[in-house]
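Asks: Please find one structure pasted underneath; my questions will follow.
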Amino acid sequence: MKFLASIAALSLLAVAPAFAQGQDFSKVEEVVTNLGHNMYAVTGAGGNTTVAVGSDAVIVVDTQFAPVYDKLKAAITGLSPLPVKFVINTHYHGDHTGGNEAFAKAGATLVAYETLPDRMLHPFPGPGGPGVPAPAGALPTRLYSGGSTTVTIPGVTADLVHPAPAHTNTDTIVLFKAANVISTGDIVGSAAYPNIDVASGGGIDGMIAGADYVIAHADAGTKIVPGHGPVTDKAGVIAYRAMLATARDRIAKAKAAGQTEDQVAADTSLLADLDAKWKAPGNAPPRFPRLVYESVK
Ligand SMILES: [Zn+2]
């Protein structure tokens, strides 16, 4: 029972960012980063969006929070007047899928890994109430199973890869090989400790494996769009991967020595050197060590 209770508590923490409580969406500005080769990163509210412009249509990866759809759509239209033909979701969280329904209504086909719609339909309870199932129109309809699939429009090929469960069990990494761009979703973060949705099948070992996959498919010129934080590169992901591995090793050692999750979370010296770079302001009490502790084998 204690185990179940702790998993339930963890799931609240794991999905909390998707609710972005108190965020004033009217103040949000969509900021565009040119990635070259008719590709762009668009940062607004929620996870980063990637835009690939082909010769007669556009592919979009992730749709931020629902209330900023009009701003996100305006930013994309500013890059190209062509229709958005495909929207790819890197995972099911609401800060990456909020604009899905509006994009679908405007004619886009929503693409995701096969496990994703069920997670959107059966979300975990949020802070202060039950989870709200996504509307039917927000659910991806073009699903893939197995390890990978390809989405193409004239001029753009997107390779979708489902790694072993990492951030969730709905993850997709998107590789635009011709443009040398990779969209990682929340498997990679460039500015802060990542969230790991342990209740949805995510775990620290999968996060490390996912980062390894990105590193193995990048070169010095690859532009990497993380789930959150500025556009990064292979060296940035190598540093991030080292942080994950260091945290994993220290917390696994503490857990094996019999320390409880609360003890590990309260030990501010354990990750002090990593905290200096990766602990976001206000990110307290620290969730990251708890998520590593819960998922470490
Ligand atoms: Zn997420």
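The values are calculated or read from the model by the stated rules, or taken from the named source; none is laboratory data. Everything quoted here is computed from the prediction, not taken from an experiment. FYI the Cβ positions are ideal-geometry reconstructions off the backbone, even for glycines, and counts take in every protein chain you see. The area values use the complete protein model at the heavy-atom level, side chains included, leaving out ligands, DNA and RNA. Shrake-Rupley method; radii C 1.70, N 1.55, O 1.52, S 1.80 Å.
Asks: Please check: in the Gaussian network model of the chain (C-alpha springs, under 10 Å), which one of G206, G258, G185 has the largest mean-square fluctuation.
Replies: Most flexible of the set in this elastic network: G258.
Asks: Can you tell which of S295, A239, L274 lies farthest toward the positive end of the dipole of segment 239-297, using +1 and -1 charges on the Cβ of basic and acidic side chains (Lys, Arg; Asp, Glu)?
Replies: With unit charges placed on the Cβ atoms, the residue in question is A239.
Asks: Sticking with this one: Which length gain, in nm to one decimal place, applies between A280 and E114 when the Cα-Cα distance is subtracted from 0.36 nm times their residue separation? Kindly include the intermediate steps, with their values, before the conclusion.
Replies: On the way: separation 166, 0.36 × 166 = 59.76 nm, distance 3.24 nm.
This chain segment gains 56.5 nm when fully extended.
Asks: Next up: So what's the chain giving for Rg/Rh, alpha carbon basis, Kirkwood Rh from the mean inverse pair distance?
Replies: Values: Rg = 18.4 Å, Rh = 19.2 Å.
We get a ratio of 0.96 for the chain.
Asks: Solvent-accessible area of K255, probe 1.4 Å, all protein chains present, reported in Å² to the nearest ten, please.
Replies: So the heavy atoms of K255 present about 70 Å² to solvent.
Asks: Just the number, please: carbon plus sulfur as a percent of the accessible area of segment 140-285, 1.4 Å probe, no ligands or DNA/RNA counted. It would help to have the intermediate numbers written out before the result.
Replies: Numbers: 3240 of 5860 Å².
The nonpolar share, carbon plus sulfur, comes to 55 percent.
Asks: Students sometimes get this wrong: rank D212, D95 by accessible area, probe 1.4 Å, all chains present, largest first.
Replies: Numbers: D212 60, D95 10 Å².
Greatest to least solvent exposure: D212, D95.
Asks: Please compute the per residue accessible area over the chain with all protein chains in place, 1.4 Å probe, rounded to a whole number of Å². Could you put the intermediate results ahead of the total?
Replies: Working: 12440 Å² over 297 residues.
Solvent-accessible surface per residue comes out at 42 Å².
Asks: Still on this model: Can you give me the distance in nm between label points at A192 and L143, each placed 7 Å from the Cα along the Cα-to-Cβ direction?
Replies: So the two model labels end up 3.2 nm from each other.
Asks: If you don't mind, another one. From the Cα gyration tensor of segment 202-297, with a ≥ b ≥ c the square roots of its eigenvalues, which class applies: rounded if a/c is under 1.5, or else prolate if a/b is larger than b/c, or else oblate?
Replies: Working: a/c = 2.50, a/b = 1.71, b/c = 1.46.
Prolate is the answer for segment 202-297, as a/c is 1.5 or above and a/b outweighs b/c.
Asks: To continue, here is another question. Give, rounded to the nearest 20 debye, the magnitude of the charge dipole that segment 129-248 has about its Cα centre when Lys and Arg contribute +1 at Cβ and Asp and Glu contribute -1 at Cβ.
Replies: Using only the charged Cβ atoms, the result is roughly 120 debye.
Asks: Could you grab the relative contact order for the chain? Cα pairs under 8 Å, six or more apart, rounded to a whole percent. Show your work: numbers first, answer last.
Replies: Numbers: 616 pairs, mean separation 43.3, N = 297.
Averaging sequence separation for qualifying contacts and normalising by length gives 15 percent for the chain.
Asks: Still on this structure: Kindly rank 68-76, 84-92 from highest to lowest mean number of other beta carbons found within 10 Å of each residue.
Replies: On the way: 68-76: 19.2, 84-92: 25.8.
In decreasing order of mean packing, 68-76, 84-92 become 84-92, 68-76.
Asks: Ordering T97, T268, T149 by how much accessible area each has at a 1.4 Å probe, largest first, what is the list?
Replies: Values: T97 10, T268 110, T149 40 Å².
Largest to smallest exposure gives the sequence T268, T149, T97.
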